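Visitor: My structure is below; once you've seen it, I'll send some questions.
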Amino acid sequence: MSQDCIFCKIIAGQIPSAKIYDQGGVYAFLDIAPVNKGHALVVPKKHYATLFDLPDDLGREMLAALKNVGRAVMTATGASGLNVGMNNYESAGQLVHHAHFHLIPRHDGDGLTLWTQHAYESTEEMRKLAQAIAAALG
Ligand code: 5GP
Ligand code: ZN
């Protein structure tokens, strides 16, 4: 547990939460400021800061929980779609430094737009960047 982490305090029951799921190493609860009602957060019970800190075996458990909780969020809210999102590091909008996945129920015509997309200068630029990323793989 990280002493100054709000999600660690929620998982420990020191701060109340609208709990949905508590199994194995995974906990899920409603986001206090939902994009749409039913917006849930799925988090590891142990404190890890980002995606890159999560152990692979826990990742498997988290994927199962994301599917289970995601389906339940859709059923309970009558949603016809679901966005799964994760912000890693402050530049990407991560405000709480305890790794978490957002499950956001979506409805036809709910008006939420995600992100603006751009074009590459050329297919050459795109090909080179793909090569650079592939070369950086672990
Ligand atoms: P981030 O920007 O780090 O990906 O998202 C953090 C999320 O945690 C935000 O959507 C925010 O509304 C939610 N959040 C922050 N503090 C609390 C809290 O005390 N309780 C709950 N339920 N959600 C919180
Ligand atoms: Zn934490």
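The values are calculated or read from the model by the stated rules, or taken from the named source; none is laboratory data. Bear in mind the structure is a predicted one, so any value in this text is a computation, not a measurement. Note that each Cβ is placed from the backbone with ideal geometry, even for glycine, and that neighbours are counted across all protein chains shown. Heads up: the accessible areas ignore ligands, DNA and RNA and are worked out on the full protein's heavy atoms, side chains in. Shrake-Rupley method; radii C 1.70, N 1.55, O 1.52, S 1.80 Å.
Visitor: Could you check the range 77-112 and list, in sequence order, the residues that are assigned to a helix (DSSP H, G or I) and closer than 18 Å to residue 21 by Cα?
Guide: First, the residues of the range 77-112 that are assigned to a helix (DSSP H, G or I): 77, 90-92.
Selection gives 77 alone.
Visitor: Yes or no: the range 70-86 includes at least one residue that is buried (at least 17 other Cβ atoms within 10 Å of the Cβ), within 16 Å of ligand 2 (Cβ to nearest atom) and among the hydrophobic types (A, V, I, L, M, F, W, C). Spell out the reasoning first.
Guide: Of the residues in the range 70-86, the ones buried (at least 17 other Cβ atoms within 10 Å of the Cβ) are 70, 73-74, 77, 79, 82.
So of that shortlist, the ones also within 16 Å of ligand 2 (Cβ to nearest atom) come out as none.
No, the range 70-86 contains no residue that is buried (at least 17 other Cβ atoms within 10 Å of the Cβ), within 16 Å of ligand 2 (Cβ to nearest atom) and among the hydrophobic types (A, V, I, L, M, F, W, C).
Visitor: Restricting the search to the range 30-47, which residues are over 13 Å from the mean Cα position of the chain (by Cα), under 15 Å from residue 7 (Cβ atoms) and away from ligand 1 (no atom under 12 Å from the Cβ)?
Guide: 45, 46, 47, listed by residue number.
Visitor: Condition test on residue 13, is it open to solvent by 50 Å² or more (accessible area, probe 1.4 Å), out of contact with any Phe, Trp or Tyr (no Cβ under 6 Å at 6 or more places or on another chain) and away from ligand 1 (no atom under 14 Å from the Cβ)? Let's see the steps before the verdict.
Guide: Working: open to solvent by 50 Å² or more (accessible area, probe 1.4 Å): yes; out of contact with any Phe, Trp or Tyr (no Cβ under 6 Å at 6 or more places or on another chain): yes; away from ligand 1 (no atom under 14 Å from the Cβ): no.
So residue 13 does not fit the description; no.
Visitor: Quick check, is residue 25 surrounded by fewer than 16 Cβ atoms within 10 Å (Cβ to Cβ) and within 16 Å of residue 1 (Cα to Cα)? Explain how you work it out, then say what you get.
Guide: Values: surrounded by fewer than 16 Cβ atoms within 10 Å (Cβ to Cβ): yes; within 16 Å of residue 1 (Cα to Cα): yes.
Yes, satisfied.
Visitor: Please name all residue pairs, on different chains or six or more residues apart, with Cβ atoms under 6 Å, provided the first residue is in the range 7-18 and is closer than 14 Å to residue 47 by Cβ and in a helix (DSSP H, G or I) and the second residue is within 11 Å of ligand 2 (Cβ to nearest atom) and open to solvent by less than 50 Å² (accessible area, probe 1.4 Å).
Guide: 7/43; 7/96; 7/98; 8/2; 11/27
Yes/no matrix, rows are residues, columns are (1) within 14 Å of the chain's Cα centre (by Cα); (2) of a type outside the set (Gly, Ala, Ser):
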{"site": "52", "(1), (2)": "yes, yes"}
{"site": "59", "(1), (2)": "yes, no"}
{"site": "63", "(1), (2)": "yes, yes"}
{"site": "66", "(1), (2)": "yes, yes"}
{"site": "75", "(1), (2)": "no, yes"}
{"site": "78", "(1), (2)": "no, no"}
{"site": "81", "(1), (2)": "no, no"}
{"site": "84", "(1), (2)": "yes, yes"}
{"site": "87", "(1), (2)": "yes, yes"}
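Visitor: Go through (1) more than 26 Å from residue 137 (Cβ to Cβ); (2) of a type outside the set (A, V, I, L, M); (3) surrounded by fewer than 17 Cβ atoms within 10 Å (Cβ to Cβ) one by one and return the number of the condition residue 7 breaks.
Guide: Unmet for residue 7, out of (1) more than 26 Å from residue 137 (Cβ to Cβ); (2) of a type outside the set (A, V, I, L, M); (3) surrounded by fewer than 17 Cβ atoms within 10 Å (Cβ to Cβ): (3).
Visitor: Here are the criteria: (1) touching a residue at least 40 places away in the same chain (Cβ under 8 Å); (2) more than 16 Å from ligand 1 (Cβ to nearest atom). Tell me which single one residue 111 does not satisfy.
Guide: Single failed check for residue 111: (1).
Visitor: Taking only the range 37-67 into account, find how many residues are open to solvent by less than 30 Å² (accessible area, probe 1.4 Å), under 30 Å from residue 109 (Cα atoms) and not in a helix (DSSP H, G or I).
Guide: Summing the residues that are open to solvent by less than 30 Å² (accessible area, probe 1.4 Å), under 30 Å from residue 109 (Cα atoms) and not in a helix (DSSP H, G or I) in the range 37-67 gives 6.
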